[in-house]
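Undergrad: Here it is, the structure, as structure tokens.
The values are calculated or read from the model by the stated rules, or taken from the named source; none is laboratory data. These numbers come from a predicted model, not from an experiment. Glycine also receives a Cβ, built like all others from the backbone with ideal geometry; neighbour counts cover every protein chain displayed. Areas reflect the complete protein model, heavy atoms only, side chains present, ligands, DNA and RNA absent. Shrake-Rupley method; radii C 1.70, N 1.55, O 1.52, S 1.80 Å.
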Amino acid sequence: MYELYAQTFVNGINVGALYGLAAVGLSLTFGVMKILNIAHGEFLMVGGFFAYWLFTLLGLDPFLSLPLIALALFLLGAIFYKLVFASVARFHEEVKVKNSLLVGFGLFLVFPQIARGLWTADERAITPAYSGTSFPIFGVRVAYVPLAGLIVTVVVILALHFFLTRTYFGKSVRGTSENWKAAKLMGINVDRTYMITFGLGTALAGLAGVLVALAQSVTPDVGMEWTIKALIVVVLAGIGSIGGAFFAGLILGIVEAVGAIFMGPYSVALGLVIFLLILMFRPQGLFGKG
Amino acid sequence: MIHWKKGALSAGIVLILVLIPLFVQRSDIITYLFLTLLYIILAQSWNILGGFTGQQNLGHAAFFGVGALTARYIWLHYGFPLPLAILGGGLATAAFALIIGFPAFRLRGVYFIIGTLVMAEILRMVFDNVFPRADVMPMKLLATYNLAPRYYVGLLFAVLSVVAVYWVNRSRIGLGMMSIREDEDAAEATGVNTLKYKLLAFAISTFMAGLAGGVFAYYTAATKVGDLFAPVWTFDAVIIVFVGGVGTIVGPIVGAVFFVLLKQLLSLYLPGGMHVLVFGVLFIVVVLYLPGGLIGLMAKLRKKPA
Amino acid sequence: MARGQDASGWRFWMLEVNKIDVFHGGLQALWEVSLNVDEGEIVSLIGANGAGKSTIVETIASLLAPTSGDIRFEGVRLDREPAHKVVTLGVCLIPEERGLFPGMSVLENLELGAFTPASRKVREISFKLVYELFPVLEARKNQISGTLSGGEQQMVAIARALMSKPKLLMCDEPSQGLAPIIVKNIFEVIKRINESGVGILLVEQNVRAALGLAKRAYVIENGRVTAQGESKRLLADERVREAYLGTG
Amino acid sequence: MILEVSSVTKAFGGLVAINDLDLAINEGEVVGLIGPNGSGKTTSFNLISGFIKPDRGEIIFNGKDITGFKPHRICQYGIARTFQLTKPFAGLTALQNVMIGMMYGEGKIRSVAKAKMECEKILEFVGLARRGQAPVTSFGTVDRKKLEIARALATRPRLLLLDEMMSGLTATEMEEAVRLVKAIGDSGITIIVVEHVMKAILDISSRLIVLNYGEKIAEGEPREVVRNEQVIEAYLGE
């Protein structure tokens, strides 16, 4: 019995780290730009397929492809910001959120179709030689791939934290999120900051995509599912809370994994229940300020 | 006078639609017409909440699904008569919506949108897991399957949905809903109980979505239950409303006709499924640059004759 | 009056606002507003709330765009530059209600004040200067700015603006919501900043304090300049009293 | 007494916006509520009309305790308000704007046809005759303000709160607005006006109440109040 629970717990942490990484980018763009990009999961899907390409066509190890994917997805995000989201960012607060949701919704339709054209509708997974290998510890099997994924996630989130709190540009991003008008008055180019922030958000989604393709698999339709998970995590953590998103991701992963033992197929509904409870009783999230 | 003309025109259109199956035997044409009618119901149902009340619901598929599942179940497996089954589907949907709506509407705007989106997707996953196999009509029904009665049921509910939206547009309740869309604070200050009317709009909207689900449940010979909750139902409804003209009576009708026609046309020239891509791009363009949709575009062109 | 000309003949001002019309939220907020500020001058904009004073300084800072007229700073058309460029030219606005980054520390706020490349190069010197001006900020540099008292927040706002090395500093109601003794302090500081050579455009409701500090002032009523001139003369002018209290 | 605000306090995150405020308004009065920027005038309106709840104290309207009621209920009890930045239902026609007020405010008229007729009269009263079918987006500043008043009047209020009617108006437009407010007062509706344009407020009001830092510092006959040293100090500074 102990082993079942411990193993489930470890699996939950592995999946939860992915949730966290997927959510961090979404949280960043929403916190800074007040734009909710529900096509976030689509960028994750694209990241996964890019890594799959690099792996099958060039034989590039997925962990080595991470920086390449981050760069590619950053550029893709910046382009999409300029193409569609820049004109959304000009609207007033509430219209901005609503229209960004609708535009993201449109991208939702577009991305899977393109992906199907490029990669077919088949399920794709990255399977380097070491995938599936694991080592035992305290009677639990820890697989190398998810463990490495967890480490990557922690490193990426720490790096993001460092960027936002220690670098000049990172501080200007935070300043813009707190008061964009004042940021302009300080000489910060808000439009450019938005573009870079959006690119960072999609780059983070891309990184998560690589890990998803490695630990699970990707299909052209996987985007929505990941957007939903990321949304639940963001609401759980409180919008804009970066560190909170990581821990909230872990919580969701563990709750789902443990829930599956008792509830079987119904356990996916757990996310919804948590989501609704949080909305009702703590809309600022678990880690947000009251 | 204009009133009278519009009434006559509408009656004429309905009459033609009633007569069509008597003269047209091609089942593909009847199918397209049926689908157009189904989309009109679905789009109008979204329009009441999203277009008139300004509360965008990105989880509409969930309500279509609940209605379809309920109606199909009590019709096929519990032997309810068909009209009662479809009605029951609508009522079950509205009841479910009110349970969801209470927490969701306690918060403004964006949380409602996220909430509906998340809720629909999770329902899809749950039902996909719980009912993994396709639900097929019994042999007895399949043997006597006929398109015409499906078409008439679709026509009946499509007309009812347009009448409902027409009524909303000119009634006290409709004015209250539109005031919420325009400015919630001003609506409250003017005596509108915004929570009550949001819930009312939500109930009417989801009731109609449930009816649309019921009509589809009657139409489809076999379906996976998870597919009834597929996000595509939301997409189609939202695209039709926006492309046609959000918050208008005629917009969703024009949108539905345009949607079905263009979809057929595109499927002739493009590989399967690619029409979705076209619709996605079209939708984004409409949201960003043509907020009035086709109806708005026509009005603009009429004002500025070349 | 032609551009650059005043009673004493032809001359060019550091800041020239020339007959601007501005719309705000679809409604017209300013009608043909013209005003000038010279190098090292303190000029004040006075008038009742809602008269359009904030709109004027926000337009100069390029947060709003005039539909007609033009704004020149040292000959450069400000109304054609985006807001973040205006700062690099040497014009800095301290907005109404201070516009701090409330979740960030005092130090971080000041650092962002020196965001423009030119000011970033000399920021160590600027830090020294503003800490000299406001010793309390050095003691509190790691405190989250949103948790400071109102007066301290206003100091952060002023200090942050100084970090950008402005030639013209615009202050929008620095006295708002502050106790009289703190207001006195703030005005003292503004005077010292001016003495170091920075031009000041001061928006104020506190007319006596504003006119006491500024050499010249403009009276704004309903989006128009209705009176202007030497502060001493305006202080005695019935029109000023009327603009505020309606006692003609 | 139609409205009684007693010892109401409201703080926003440590900043006290309204401090222990008492207001007493008699039926049929036109009261001017003045004070420098940030003195708590609009906050008082938000408290009375239910948009924010007081931390302490109570608000009695027409003998009923309405403290903490939602705005729509307060409106139905007979308090209507306008907003400093007008908030028209921009996607609707002027007539529809007013009809919403009529059918939801006091709510006695529920038939669309009857409401239309009544609302045409109100539009005419505020000076928007024959503009009923025009979309609100085509309205200028004055007309938006008139429409806002028409919508508030349509709710059949006994007390009307007017927030900064005059800002952004030209001198002639202001005269027209003053006449309108006087006409409303003459019809027996009690009015509280928040205003910065002093000429207008002295013309309109029979009594002035002055706020500063969320507290009442003076009240009384308008021309006397503006000569009060404390008031002058609050406005012009020391």
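Undergrad: Show log10 I(q)/I(0) for the protein assembly as shown at q = 0.09 Å⁻¹, two decimals, from a solvent-free Debye sum over equal Cα scatterers.
TA: With no solvent term, the Cα-only Debye profile gives -1.18.
Undergrad: Follow-up. For the range B:88-150, just run the numbers: alpha carbon Rg, then divide by 2.2 N^0.38 Å, N being how many residues it has.
TA: 1.63
Undergrad: Measure nothing fancy, just the Cα-based angle from helix D:141-154's long axis to the longest principal axis of chain D, in degrees from 0 to 90, nearest 10.
TA: Tilt relative to chain D: about 90 degrees.
Undergrad: To continue, here is another question. Relative to the compact globular guide of 2.2 N^0.38 Å, what is the alpha carbon radius of gyration of the range A:1-85, as a ratio?
TA: Rg over 2.2 N^0.38 Å, computed on Cα atoms: 1.37.
Undergrad: Kindly count the pairs of lysines across chain A whose alpha carbons are less than 25 Å apart, treating pairs on different chains or eight or more residues apart as eligible.
TA: The result is 27.
Undergrad: Then there is this: Can you give the Rg to Rh ratio for chain C, taking only C-alpha atoms and Rh from Kirkwood?
TA: For chain C, the value is 0.96.
Undergrad: Give me the one-decimal nm value for the distance between modelled label points at B:LEU195 and A:ALA6, 7 Å along each residue's Cα-to-Cβ direction.
TA: For B:LEU195 paired with A:ALA6, the spin-label model returns 5.0 nm.
Undergrad: Output the Cα-based Rg and Dmax of chain B in Å, rounding Rg to one decimal and Dmax to a whole number.
TA: My reading of the Cα-based Rg and Dmax gives 19.2, 61 Å.
Undergrad: Also, I was wondering about something else. Could you tell me which residue out of B:THR144, B:ILE113, B:THR190 lies farthest along the dipole of the range B:32-231 toward its positive end? Charges go on the beta carbon: Lys and Arg +1, Asp and Glu -1, centred on the Cα centre.
TA: The Cα lying farthest towards the positive end belongs to B:THR144.
Undergrad: So what does the Cα-only Debye profile of the range D:2-54 read at q = 0.23 Å⁻¹, as log10 I(q)/I(0), no solvent term?
TA: Debye output, listed in q order: -0.96.
Undergrad: To the nearest Å, what is the center-to-center distance of the range C:35-102 and the range C:108-168, using C-alpha atoms only?
TA: The range C:35-102 and the range C:108-168 have Cα centres separated by 20 Å.
Undergrad: Once the Cβ-Cβ distance between B:ALA143 and D:VAL112 is put in as r, and R0 is 45 Å, what FRET efficiency do you end up with, to the nearest 0.05?
TA: Computed FRET efficiency for B:ALA143 and D:VAL112: 0.30.
Undergrad: Place a +1 charge on the Cβ of each Lys and Arg in the range B:1-155 and a -1 charge on the Cβ of each Asp and Glu, then give the dipole magnitude about the Cα centre in debye, rounded to the nearest 20.
TA: About 240 debye.
Undergrad: As an exercise, use a Förster radius of 56 Å and the Cβ-Cβ distance of A:ASP122 and C:ARG239 to find the FRET efficiency, rounded to the nearest 0.05.
TA: FRET efficiency, A:ASP122 to C:ARG239: 0.10.
Undergrad: Most fluctuating residue of B:GLY213, B:GLY244, B:GLY54 in a GNM of chain B with Cα springs under 10 Å: which is it?
TA: In this elastic network of chain B, the residue with the biggest mean-square fluctuation among B:GLY213, B:GLY244, B:GLY54 is B:GLY54.
Undergrad: Going toward the positive end of the dipole of the protein assembly as shown, with +1 on Lys and Arg Cβ and -1 on Asp and Glu Cβ, which of C:VAL106, A:GLY271, A:PHE105 do you reach last?
TA: Farthest towards the positive end: A:PHE105.
Undergrad: Could I get the Rg over Rh figure for the range A:2-281? Both from C-alpha atoms, Rh via Kirkwood, rounded to two places.
TA: 0.97
Undergrad: Continuing with this model, one more query. How would you classify the range D:70-109 from its alpha-carbon gyration tensor, with a ≥ b ≥ c the square roots of the eigenvalues: rounded for a/c under 1.5, else prolate if a/b is greater than b/c, otherwise oblate?
TA: oblate
Undergrad: Nearest 10 degrees, 0 to 90: what angle lies between the long axis of helix C:123-133 and the longest principal axis of chain C (Cα atoms)?
TA: 80 degrees
Undergrad: How crowded by other chains is B:174-184, given as the mean number of beta carbons from other chains within 10 Å of each beta carbon?
TA: Other-chain Cβ atoms within 10 Å of each residue's Cβ, averaged: 5.
Undergrad: By how many degrees, between 0 and 90 and to the nearest 10, does the Cα long axis of helix C:150-163 differ from the longest principal axis of chain C?
TA: 90 degrees
Undergrad: Then there is this: Among D:THR137, D:GLY168, D:THR155, whose Cα sits farthest toward the positive end of the charge dipole of the range D:124-177 (+1 at Cβ of Lys/Arg, -1 at Cβ of Asp/Glu, about the Cα centre)?
TA: The listed residue farthest towards the positive side: D:THR155.
Undergrad: Does a label point 7 Å from the Cα of A:LEU83, set along Cα-to-beta-carbon, have any residues of the range A:203-221 with amide nitrogen under 17 Å, and which are they?
TA: Answer for the range A:203-221: A:203, A:206.
Undergrad: Please list the helices of chain B that count as membrane-span-like by this rule: a mean Kyte-Doolittle hydropathy of at least -0.5 together with Cα atoms stretching 27 Å or more along the helix axis, each helix being a complete DSSP H run.
TA: B:2-23, B:27-46, B:82-105, B:110-130, B:147-170, B:194-219, B:250-269
Undergrad: Heavy atoms only, probe 1.4 angstrom, no DNA, RNA or ligands counted: give me B:ARG302, D:ARG158, C:ARG192 ranked by accessible area, highest first.
TA: Result, largest first: B:ARG302, C:ARG192, D:ARG158.
Undergrad: If R0 is 41 Å, what FRET efficiency do you get for D:THR93 and B:LEU91 from their C-beta distance, rounded to 0.05?
TA: My answer for the efficiency is 0.70.
Undergrad: Compute and list, largest first, the equivalent-ellipsoid semi-axes of the range D:37-174 from the alpha carbon gyration tensor, each √(5λ) rounded to a whole angstrom.
TA: The equivalent ellipsoid of the range D:37-174 has semi-axes of 26, 20, 11 Å.
Undergrad: Separate question: Which value, in debye to the nearest 20, describes the size of the charge dipole of the protein assembly as shown about its Cα centre when Lys and Arg Cβ atoms bear +1, Asp and Glu Cβ atoms bear -1, and nothing else is charged?
TA: About 2080 debye.
Undergrad: Further question: Under 18 Å from a point 7 Å along the Cα-to-Cβ line of A:PHE169: which residues of the range A:65-92 have their amide N that close?
TA: Backbone N within reach: A:67-82.
Undergrad: Rounded to the nearest 20 debye, what is the charge dipole size of the range C:86-166 about its Cα centre when +1 sits on each Lys and Arg Cβ and -1 on each Asp and Glu Cβ?
TA: Result for the range C:86-166 is approximately 260 debye, rounded to the nearest 20.
Undergrad: A further question follows. Can you pull the semi-axes for chain D, root of five times each eigenvalue of the Cα gyration tensor, sorted largest first, whole Å?
TA: Three semi-axes, in Å: 29, 21, 15.
Undergrad: Also: Mind putting together the pair-distance distribution for the range D:87-156? All Cα pairs, 5 Å bins, whole percent per bin, short to long.
TA: Reading upward from the zero bin: 4, 21, 35, 25, 13, 3, 0.
Undergrad: From other protein chains only, count the Cβ atoms within 10 Å of every residue's Cβ in D:169-180, then give the mean.
TA: Across D:169-180, the average partner-chain Cβ count within 10 Å equals 1.
Undergrad: For chain B, with a Gaussian network of springs between Cα atoms less than 10 Å apart, report the residue from B:ALA217, B:ALA104, B:ALA11 with the top mean-square fluctuation.
TA: B:ALA11
Undergrad: Between B:LEU19 and B:MET298, what is the spin-label point distance in nm, taking each point 7 Å from the Cα along the Cα→C-beta axis?
TA: Result for the modelled spin labels: 2.2 nm.
Undergrad: Hey, another quick one. Ordered by packing density, taken as the mean number of other Cβ atoms within 10 Å over each peptide's residues, highest first, how do C:161-169, D:120-128, C:97-105, A:51-59 rank?
TA: With the highest mean Cβ count within 10 Å placed first, the list reads C:161-169, C:97-105, D:120-128, A:51-59.
Undergrad: Further question on the same structure: Within a Cβ distance under 12 Å of D:LEU161, other residues only, what is the Lys/Arg minus Asp/Glu net charge?
TA: -1
Undergrad: Then there's this: For A:ILE261, put the label point 7 Å out on the Cα→Cβ axis and report which residues of the range A:1-27 keep their amide N under 17 Å from it.
TA: Within reach of a label on A:ILE261: A:1-16.
Undergrad: Which residue fluctuates the most in chain B, going by a Gaussian network model with Cα springs under 10 Å, if the choices are B:PRO132, B:PRO271, B:PRO231?
TA: So, out of B:PRO132, B:PRO271, B:PRO231, the one fluctuating most is B:PRO271.
Undergrad: Also: Ranked highest first by the average count of other Cβ atoms within 10 Å around their residues, in what order do A:258-271, C:110-123 fall?
TA: Averaged packing, sorted descending, gives the order C:110-123, A:258-271.
Undergrad: Taking the mean number of other Cβ atoms within 10 Å as a proxy for protection, how do you rank B:38-51, B:16-29, D:166-179, D:80-93 from highest to lowest?
TA: So the peptides B:38-51, B:16-29, D:166-179, D:80-93, ranked by packing, come out B:38-51, D:80-93, D:166-179, B:16-29.
Undergrad: If I model a spin label as a point 7 Å beyond the Cα along the Cα-Cβ vector, how far apart are those points for A:HIS161 and B:ALA134 in nm?
TA: Rounded to a tenth, the inter-label distance reads 5.2 nm.
Undergrad: Count, for each residue of D:71-84, the Cβ atoms from other chains sitting within 10 Å of its Cβ, then give me the mean as a whole number.
TA: The shielding value for this peptide is 4.
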